[in-house]
1. Pairs of lysines 8 or more apart, or on different chains, with alpha carbons under 14 Å: count those in segment 205-384, would you?
2. Quick query: amide H of GLU210 versus all other amide H atoms, modeled in the peptide plane; which residues come in under 5 Å with a sequence gap of 5 or more or a different chain?
3. When a/c reaches 1.5 or more, the comparison of a/b and b/c decides; with that in mind, is segment 259-385 rounded, prolate or oblate per its Cα gyration tensor?
4. Using DSSP to call loops (not H, G, I, E or B), can you name the GluC sites (Glu not before Pro) in segment 279-363 whose Cβ has at most 14 other Cβ atoms within 10 angstrom?
Amino acid sequence: MNAVDERERRWRLVLGREARCSGLSAADQGMDGALEALYNRSAAPADASGRRSAGLGSSAPRVARWLGDIREYFPTPVVQVMQQDAMERLGLHQLLLEPEMMAAVEPDVHLVGTLLSLNRVMPDEARESARAVVRKVVEDLEERVARKTRSVVRGAIDRSARTHRPRRVADIDWNATIRRNLANYLPEHNTIVPQTLVGHGRRSRGVQKEVVLAIDQSGSMAASVVYASVFGAVLASMSSLKTSLVVFDTAVVDLTEQLTDPVEVLFGTQLGGGTHINKAIRYCQGLVTKPNDSVFVLISDLYEGGVREEMLRRVAAVKAAGTQVVVLLALSDEGAPFYDRENAAALAAMDVPAFACTPDAFPELMAAAIQGQPLTAWVDKHQDA
């Protein structure tokens, strides 16, 4: 698009449908509709006094869709301005206070993301309604993932310990045992004499592994923030794990002490803003006390606002120290449509694959990481499935 066309496009979006300009693309039409609903009074229905008003009306589903649309079409600073304008021009805070609005939409991860994005401008009296919706979604998610996560991760912790005195036949790692005893092969009998057994030990009680979750708070990561907070709370409930949870934009906030209540974790986040991944990784390095028994999970779209080279060097340092590094471009059912492909490729070259993960697959991913399995192979298998 040349400079003249781009200028004409911008004027069309500023002036609205009454401007005499060329047509808009499908994406621009969606953007235009979101702007029109808020700012184009002539396109809106008349209110009780006969005056024209803005176009969202009092339809709760329409409002929820509109709030999601503006996050898709506009950068975070513009979204924040439009949300504030919606509060002032449309009385959006009144809708948030009405039980009918919450009853009209099905509470889900995306609605939680919408409410959290409004956290900064939400009236105090609206917070209880919002918390009730968020808590319902969180409880549903915990019921969905908690049992499987605890079962799979506990099994991984039990099997991550190696012993030369396995208590049961089922605990013997036959592949490792054969490799260890290849020198004892007897060709005349076509067999190996296993002088040394290698097995999976049963760990004693107490903290055995450390898990650090670092979550990008940028607006596109809303669903990932919700899922990661729930998984963080589930992992924190396991005495064999020491779980830390950190959220970040340009600042880093440690929410570990709130992990007993994922709703408090979510309301401690501030969706939107810039991103400083390197600063977050540096903070998380200080949380790791046993690198060889630790898993660091970075959930981010990898758009680094700091110094890219420093971020990559820091990831390499964490990995070199013995910590298993997991980079998720998204933890959601929708995948990761937007991420920094250059940074993802640079991490892959360091044998740190960056990929999207569904909530249902996350427990198996954590199990693989805890057992120290190569994640590249896990990703290939998971994608093939």
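Each reported figure results from applying straightforward, stated rules to the coordinates on display, with no laboratory input. Every value quoted in this text rests on a predicted model; they were computed, and no experiment measured them. All Cβ positions, even for glycine, are placed from backbone atoms using ideal geometry, and neighbour counts span all protein chains on display.
1. On the way: LYS209/LYS242; LYS209/LYS290; LYS242/LYS290; LYS290/LYS319.
Close lysine pairs found across segment 205-384: 4.
2. LYS242, SER294, VAL295
3. Taking the square roots of the gyration eigenvalues as a ≥ b ≥ c, segment 259-385 is rounded.
4. GLU334
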